[in-house]
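Since the structure comes first, as structure tokens, the remarks are kept for the end.
Taken together, the values in this text are just the output of simple stated rules run on the coordinates, not laboratory data. Just so it is clear, the model here is predicted, and its values are computed rather than measured. Note that we place each Cβ from the backbone using ideal geometry, even for glycine, and neighbour counts take in every protein chain shown.
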Amino acid sequence: MMAKQPKQSKILHEKDGVPTPDFISKTAAKTIQKNRTTVISPETLLKGILERNIASLSQGITLIESTAPKHQPKAQQLIESCLPHANKSIRIGITGVPGVGKSTFIEQLGMHLTSQGKKVAVLAVDPSSSLSKGSILGDKTRMERLVNNPNAYIRPSASGTSLGGVARKTREAIILCEAAGFDVIIIETVGVGQSETAVHSMTDFFLLLKLAGAGDELQGIKRGIMEMADAIAINKADGANVKAAKLAKASFNKALHLYPPKANGWTPKTVTCSALNNEGIAEIANLINTYISEAKETDFFQRKRMEQNKFWLLQTIENRLKSDFYENATIKNALEEQIELLHQGKVTPFQAAEIILSLNKSSS
């Protein structure tokens with residue numbers, strides 16, 4: 001007779017949650033929960049931001065990143081209150097393919113700038129999963145030295161569903177950081193899709209990081225990103241890769257000469273660097289300073305800022321129209337109906353879209 005088999009436990013089972021520690025009273029626990037959900041007033045946040053309080057700055061950015069309708073008026077009030085104290089920084093956009101070493105490069109550049117007495121804010125956009133919608137937000141762990149620098153602030157944000165991986169509220173975050181007294185704002189893109197266009201539209205200097213010896217030199221023949229770059233830095237130019245980096249530099253310089261000159265007459269430069277060994281970082285910082293100085297000597301710097309504001313205006317209108325469209329109850333119901341008909345093969349995507357858009361026209 002076979003022995004009775006022990007009862008197998010289920011592979012998937014629900015564990016009990018972490019209980020409230022005995023040393024925290026129920027009253028204290030309720031107070032903690034209330035503080036987590038309470039939104040601080042825009043006036044209080046503004047006061048803290050102007051006093052360069054990092055906690056207030058972080059809370060302010062969290063408020064403007066919120067998608068909850070009840071937070072929108074307070075977020076708008078905070079942004080408008082910060083505007084008179086903004087527009088005094090240099091905005092640097094940095095992009096490059098994943099693995100090019102953006103985080104290491106930004107940390108070295110940030111450390112160099114802070115050593116010169118600058119206050120540096122890094123707005124790093126982390127890619128969100130298209131499935132779970134989650135994001136690692138790991139830039140603070142990758143920039144350990146800069147995180148602990150009292151003159152630096154790193155704010156990772158999830159890209160969410162924004163096109164190309166640029167957080168929807170990055171522009172507003174720039175305003176808050178400038179009001180908090182930061183001299184240099186570095187915006188890091190995830191380096192995929194059309195994020196470069198969005199970052200270029202909100203920065204004064206656009207730096208493209210490249211790799212040598214990985215076939216990346218061929219990207220030089222692509223017009224879009226190359227035309228936007230104010231400088232190209234060949235990163236990881238160290239060890240056995242030094243020779244390949246020099247060859248890549250020559251290739252990119254040749255490619256840059258094929259493009260028309262920039263509106264301000266600036267000729268994009270190609271440099272090599274090793275963020276890992278902190279080589280070439282000071283030269284890149286000097287290159288950025290030279291560019292900004294030349295731009296300010298003419299009216300180009302101010303004209304570019306005006307173009308940024310125009311782009312922000314159009315993007316804000318576009319985002320608002322899109323939000324209002326999908327939040328409309330009639331549109332929501334019609335969208336569900338058309339999706340069901342689409343699944344049944346009774347309409348085409350184009351017919352369904354035309355029906356929904358016609359409803360929007362009639363309602364307006």
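Below, the figures for the structure above:
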| read-out | value |
| --- | --- |
| ³J(HN,Hα), Karplus 6.51/-1.76/1.60, whole Hz, each residue of the stretch 239-250, x for Gly, Pro | x, 6, 8, 4, 4, 5, 5, 5, 5, 5, 4, 5 |
| Quotient of Cα Rg and 2.2 N^0.38 Å for the stretch 242-364, N being how many residues it contains | 1.85 |
| Cα-based equivalent ellipsoid of the stretch 39-80: semi-axis lengths in Å, sorted from largest, via gyration tensor | 17, 10, 7 |
| Likely footprinting exposure, R320, R91, R52, fewest C-beta neighbours within 10 Å first | R320, R52, R91 |
| Which listed pairs, of K269/K322; K118/K236; K70/K102; K119/K262, have C-alpha distances above 31 Å, in listed order | K269/K322; K70/K102 |
